[in-house]
1. What list of ³J(HN,Hα) couplings, whole Hz, do you get for segment 47-61 from phi and the Karplus terms 6.51, -1.76, 1.60, once you set θ to phi - 60° and write x for glycine and proline?
2. In nm, what is the difference between 0.36 nm times the number of residues separating residue 19 and residue 61 and their Cα-Cα distance?
3. Quick one: which residues, 5 or more positions from residue 16 or on another chain, have an amide H under 5 Å from its amide H? H modelled 1.01 Å from N in the peptide plane, none for Pro or chain starts.
4. Let me check I've understood the local charge: for residue 35, count other residues with C-beta under 14 angstrom from its C-beta, Lys and Arg +1, Asp and Glu -1. What total comes out?
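Bear in mind these aren't lab numbers, they're just calculated from the coordinates by the rules spelled out. Since the model is a prediction, treat every value here as computed from it, not as a measurement. Cβ placement follows ideal geometry from the backbone for every residue including glycine, while neighbour counts extend to all protein chains displayed.
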Amino acid sequence: MTPQLSGVNCRTMNMTKSQLRERLGLTDSQLADLFGITRSAVCQWDDDEPIPQPRQWQLQVLRPELFEH
């Protein structure tokens, strides 16, 4: 059984920068704009590692359709 936290599937909260860029069709600069952070902050994220947890939660609010199944 997949763990749940307030209706959010915790397994889907491990989205990588590569997955996010592919699903949204955005550049690093556009991701930075989406999150309200600098491009250099986004560039520090490894492509194949989950994006920082606070950004996962922010993404859940900004783009909930990415987490629906």
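1. Ordered by residue, 3J(HN,Hα) equals 4, 10, 10, x, 5, x, 3, x, 6, 4, 5, 4, 5, 4, 6 Hz.
2. Numbers: separation 42, 0.36 × 42 = 15.12 nm, distance 1.74 nm.
That pair, residue 19 and residue 61, stretches by 13.4 nm at full extension.
3. Amide H neighbours of residue 16, under 5 Å, 5+ apart: 51.
4. On the way: positive: 17, 21, 39, 55, 63; negative: 28, 33.
Net charge around residue 35: +3.
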